[in-house]
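Here is the structure we will look at.
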Amino acid sequence: MSAWLAGLTASFRHALRGLAVSLRGQRNLRIHALATVVVITLGLIWNLPLWKWVALWLTLGLVWCAELLNTAIEGLCDLVQPERDERVRRIKDIAAGAVLVAAIATAVAGMLIFL
C-alpha cells in the first residue's frame, strides 16, 4: 500500500473514531441520529424526488457538522480552561447557538419537503 493511501486510510479511521466517540458521549448527537433515521425512512416511504433528497442530505449534514464542531469546541474549552469562566461559557453558548440555528433550518426544510 502506498504511503498516500495509508495516510488516507488513517484519516478516515480517525474521522470515524471521532464520530463514534461523539455518538457515545453526546446525547444531542444521538437525538440527531434518530431524527436522521426517521427522515431517511420517511423519504424512502414517500419516494421523494432527487432534488428533495439533495436538500435533505445538505440540511442533515449541516446539523451533524454543527453538532460535531460544537462538541469539539466544548471539549477544547474544557481542556484549556477547566475552571468555571464566563468567557468560556459564552463561547460554548455561541457554539450551541450555531447548532440550534442549523437544527431549526433543517426542521423548516424538512417541513417544506414533507408537507
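The values are calculated or read from the model by the stated rules, or taken from the named source; none is laboratory data. Note that this is a predicted model, so its numbers are computed, not measured. Neighbour counts are summed over all protein chains in view; Cβ atoms, including those assigned to glycine, are modelled from backbone coordinates with ideal geometry.
Run down Leu56, Leu48 and say which single residue is of a type in the set (A, V, I, L, M), in contact (Cβ under 8 Å) with a residue 40 or more places away in the chain and part of a loop (DSSP other than H, G, I, E, B). First the steps, then the outcome.
Values: Leu56 fails: part of a loop (DSSP other than H, G, I, E, B).
Unique residue meeting the criteria: Leu48.
Spot the failing condition for Arg84; the list is (1) surrounded by 11 or more Cβ atoms within 10 Å (Cβ to Cβ); (2) part of a loop (DSSP other than H, G, I, E, B), and only one is missed.
(1)
Going by the structure shown, is Ala3 of a type in the set (Gly, Ala, Ser) and at pLDDT below 95?
Working: of a type in the set (Gly, Ala, Ser): yes; at pLDDT below 95: yes.
So Ala3 passes the test.
Test Glu74 against the stated conditions and say whether it is surrounded by 15 or more Cβ atoms within 10 Å (Cβ to Cβ) and acidic (Asp, Glu). Can you show your working first?
Numbers: surrounded by 15 or more Cβ atoms within 10 Å (Cβ to Cβ): yes; acidic (Asp, Glu): yes.
Yes, satisfied.
Among all residue pairs at least 6 apart or on different chains, which show Cβ distances below 8 Å where the first residue, located in segment 63-86, is over 18 Å from Arg24 (Cβ atoms) and the second is crowded, with 17+ Cβ neighbours inside 10 Å and among the polar types (S, T, N, Q)?
Within 8 Å, the pairs are Val63/Thr106.
Residues are listed down the side, and each one gets a yes or a no for (1) of a type outside the set (A, V, I, L, M, F, W, C); (2) over 18 Å from Leu115 (Cα atoms):
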{"site": "Trp4", "(1), (2)": "no, yes"}
{"site": "Arg13", "(1), (2)": "yes, yes"}
{"site": "Ala33", "(1), (2)": "no, yes"}
{"site": "Gly43", "(1), (2)": "yes, no"}
{"site": "Leu56", "(1), (2)": "no, no"}
{"site": "Gly61", "(1), (2)": "yes, yes"}
{"site": "Leu76", "(1), (2)": "no, yes"}
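Only one of these is polar (S, T, N, Q), surrounded by 10 or more Cβ atoms within 10 Å (Cβ to Cβ) and over 25 Å from Glu67 (Cβ atoms): Thr36, Thr9. Name it.
None of the others qualify; the one that does is Thr9.
Right, Ile113: surrounded by 13 or more Cβ atoms within 10 Å (Cβ to Cβ), touching a residue at least 60 places away in the same chain (Cβ under 8 Å) and touching a helix residue (DSSP H, G or I) at 6+ places or on another chain (Cβ under 6 Å) or not?
Values: surrounded by 13 or more Cβ atoms within 10 Å (Cβ to Cβ): yes; touching a residue at least 60 places away in the same chain (Cβ under 8 Å): yes; touching a helix residue (DSSP H, G or I) at 6+ places or on another chain (Cβ under 6 Å): yes.
So Ile113 fits the description; yes.
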